[in-house]
Each structure stands twice: as structure tokens, then as C-alpha cells.
Amino acid sequence: MKITGVELRRIAMPLVSPFRTSFGTETARDVLLVRVVTPDAEGWGECVAMSEPLYSSEYVDGAAEVIRRFLLPALPKNVDAYGVGRALEPVKGHRMAKAALETAVLDAQLRAAGESFGHFLGAARDRVPCGVSVGIMDSVPQLLDAVAGYVEEGYVRIKLKIEPGWDVEPVRAVRERFGDDLLLQVDANAAYSLTDARRLARLDAFDLLLIEQPLANDDLVQHAKLARQLQTPICLDESIESAEHAAAAIALGSCSIINIKPGRIGGYLEARRIHDMCRANGVAVWCGGMLETGLGRAANVALAALPGFTLPGDTSGSRRYFATDVTEPFELVDGHLEVPTGPGLGVEPIPSILEEVTTATEWIPL
């Protein structure tokens with residue numbers, strides 16, 4: 001597939017409410033979109049990097065720069081999605097930037113072939129169950145009101161962000177208010193250390209599905225030690241940047257569940273490799289989210305339809321984060337989202353909305 005040019009487009013997407021985690025508060029998303037143009041089709045990829053290097057070392061300005069200076073020049077004149085990964089391998093790191101470019105190439109490739117993302121990846125379902133991620137709040141009553149709203153909307157699983165000082169008490173309050181039938185999990189975003197093991201063990205009383213990334217992202221050994229001290233299953237997120245990382249975590253006993261975020265691990269082809277390996281080893285996986293627009297959400301929903309994704313993911317409806325999405329909104333129906341069936345991502349940006357939220361564009365001929 002010959003690529004004639006690539007557009008880097010920055011868009012500003014205000015969030016419907018601030019989203020606070022242990023590493024900061026977001027009120028808007030500064031999103032980098034990558035559009036790949038070929039003679040037969042064009043494809044879109046969404047970079048999940050944040051504006052600042054807080055969640056990971058990557059950030060939006062850096063992702064745009066590395067795509068412009070290093071990734072695009074490394075692409076051969078004719079390439080498919082598999083060839084993108086091979087061509088970009090010499091560039092160390094920058095997985096979010098690589099994922100955005102690879103996804104755009106894959107979208108164009110599948111649109112030209114008339115094949116959907118779901119069919120290409122191996123989706124086994126036509127809809128996926130959806131959970132929602134609830135940020136750290138100013139008070140427990142505010143948290144309970146927020147959770148009540150999401151439960152009423154039909155979300156089948158609730159994830160609470162936690163940090164030291166905001167953990168046992170809010171989790172207890174949610175469990176007591178909504179009962180034992182609510183699927184409930186927590187996400188620490190690496191906010192704790194092994195010295196907090198006793199406090200984290202107090203969460204065992206609340207029958208959680210999992211505790212996500214309690215310790216530092218680069219410490220699989222400490223996670224293995226913590227796993228032996230908790231009854232609640234440990235799920236790794238930031239620690240898993242590749243299939244090799246996942247294999248090491250499984251071998252060490254660092255986790256029994258993995259959150260697969262395609263943007264964090266370099267793209268949907270690597271996501272499928274991790275899915276296949278985890279399924280072969282009896283490790284549950286689910287699809288995490290990075291506050292994507294409808295473009296990134298479409299690909300995540302397709303991925304979450306693979307057979308090994310046995311836990312509800314963070315593939316929330318569009319209005320969880322945005323008053324107006326850049327695509328037709330994803331709407332929750334009975335706690336589920338439908339997997340797009342059209343060619344490629346199966347969704348398109350709405351030109352008028354895309355233009356309204358665009359802050360900058362750059363066309364790079366190849």
C-alpha cells in the first residue's frame with residue numbers, strides 16, 4: 001500500500017467534568033490525530049499521549065515531533081500495518097506515537113479491502129460489556145452521587161481511582177451503598193509502595209474484581225511480592241508495554257490480570273499478541289481507555305470483542321467524557337456498546353465538528 005502523505009491534526013476536546021487520578025487532573029484532552037492518505041483510502045489513528053509526561057514519559061508535542069522527524073522517514077514507500085512495526089523498531093520507545101501511525105495505516109488498509117477492525121482482529125462478539133472509570137472526588141457523597149449516575153446509565157462495572165488517603169473509606173462507602181452485586185474494582189496508577197501492603201490488604205474485605213497497578217510501573221518483582229500478601233487479584237497496566245513485559249509479569253507472578261491499552265503498547269497488532277499469550281496462559285484481560293474520541297473508541301471496542309477479553313473494559317459511551325464527539329457518538333445500550341461493522345474503524349469524523357475542534361494541522365507528503 002503506497003502512502004502519499006500524512007496529516008498531523010491537533011484537536012481540543014473539553015471534558016464534561018474534570019477527571020482526577022493520582023497523577024493529576026484533566027479538564028480537556030489535547031489530542032493528536034494521524035491521517036494516512038493512500039490512492040485507495042485514508043485511515044485515522046489517535047495518539048493517546050497526554051499533554052504532559054505524567055501518566056508516561058510520552059506527551060503530545062513529543063509524539064508529533066517523533067512522528068514528523070523519525071517515524072515517517074523510516075516508513076518504506078510501500079507498506080502494510082505489519083510492515084509499520086518492523087520499520088519503526090529501530091526507534092526506541094515512543095509506543096504511543098507508533099501506535100497512532102500504525103493504526104492509521106491499518107485503518108486505510110482495511111478500508112481499501114472492505115474489512116472491519118473487528119473481523120481483522122478476530123472479534124467473537126458483536127457487542128461488548130462496558131465499565132466506567134470514576135475519578136478521585138472532593139468528597140465521598142460526591143463520589144456516591146457519581147457512581148449512582150453511572151449505575152443508572154447501565155454500566156456493568158465501576159472502577160474507582162484511588163491514592164493514599166482516598167482508598168479504603170470511599171471503596172467501603174460504594175460497596176455499602178450499592179451492595180455486593182456491583183462489579184467493583186480500583187485503580188491506583190502506581191501511587192503506592194510495598195510498605196503500603198497492609199493498607200492495601202484492607203481492600204480485600206470488599207470483594208473487588210482487582211486492584212490495578214498499585215506499585216511503580218517498572219517494578220514487577222515488588223508486584224509479585226505484593227500479590228502474595230493480598231487476596232484481591234492484581235492487574236497490571238502501566239507495567240505492560242509489550243508482549244515481552246506481559247510474559248515476564250506472568251512468569252514472575254506479578255499479576256493474574258492484564259489491562260491491555262493498545263496506545264500504550266504500540267498498537268493493535270501488539271495488543272492482539274498480548275491477548276493471545278494471556279489466553280494461552282489462563283490470564284484474564286480487559287481493554288483499558290485513555291479518554292479517546294470516537295476514533296480511538298471504535299478500535300478499542302473492536303479489540304474488546306476478542307474472546308480473551310472476559311472482563312468489562314473502560315470502553316465507556318462517548319458522553320462519559322465529551323458533550324460532542326468527533327464521530328457519531330457511541331451510545332450505551334443495556335450496558336453494552338456495539339462493535340462497528342463498517343470497513344476499517346467503521347466510523348468517520350464529522351467534518352464540521354472536526355473543523356470546529358481543530359487547533360492545528362500539518363500535511364507531510366511522502
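The values are calculated or read from the model by the stated rules, or taken from the named source; none is laboratory data. Note that the coordinates shown come from a computational prediction; the quantities given were computed from them, not determined experimentally. Heads up, the Cβs are rebuilt from the backbone with ideal geometry, glycines too, and the neighbour counts pull from every protein chain shown.
Overview of values
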item: Pairs, first assigned by TED's automatic domain parsing to the domain that holds Ile67 and acidic (Asp, Glu) in the range 1-30, second surrounded by 17 or more Cβ atoms within 10 Å (Cβ to Cβ) and modelled with pLDDT under 90, C-beta under 9 Å, six or more apart; result: Glu26/Phe19; Glu26/Arg20
item: Strands (runs of 3 or more DSSP E) completely within the range 250-366 that count 1 or more residues being within 21 Å of Val36 (Cα to Cα) and in the same structural domain as Ala28 (by TED's automatic domain parsing); result: 358-365
item: Answer residue from the range 215-230, given it is in a loop (DSSP other than H, G, I, E, B) and hydrophobic (A, V, I, L, M, F, W, C) and is surrounded by the most Cβ atoms within 10 Å (Cβ to Cβ) among those; result: Leu215
item: Selection within the range 120-153 - in contact (Cβ under 8 Å) with a residue 60 or more places away in the chain and either acidic (Asp, Glu) or surrounded by fewer than 14 Cβ atoms within 10 Å (Cβ to Cβ) (or both); result: Ala124, Asp126, Glu153
item: Unmet criterion (only one of (1) within 24 Å of Leu220 (Cα to Cα); (2) in contact with a helix residue (DSSP H, G or I) (Cβ under 7 Å, 6 or more places away or on another chain); (3) not polar (S, T, N, Q)) for Ala280; result: (2)
item: Those residues of the range 237-260 which are closer than 26 Å to Arg29 by Cβ and either among the polar types (S, T, N, Q) or buried (at least 23 other Cβ atoms within 10 Å of the Cβ) (or both), in sequence order; result: Ser239, Ile240, Ser242, Ile258, Asn259, Ile260
item: Any hit, the range 96-108, residues being out of contact with any strand residue (DSSP E or B) (no Cβ under 8 Å at 6 or more places or on another chain), in a helix (DSSP H, G or I) and surrounded by 15 or more Cβ atoms within 10 Å (Cβ to Cβ); result: yes
item: Subset of the range 200-214 [in a loop (DSSP other than H, G, I, E, B) and surrounded by 20 or more Cβ atoms within 10 Å (Cβ to Cβ)]; result: Leu208, Leu209, Leu210, Gln213, Pro214
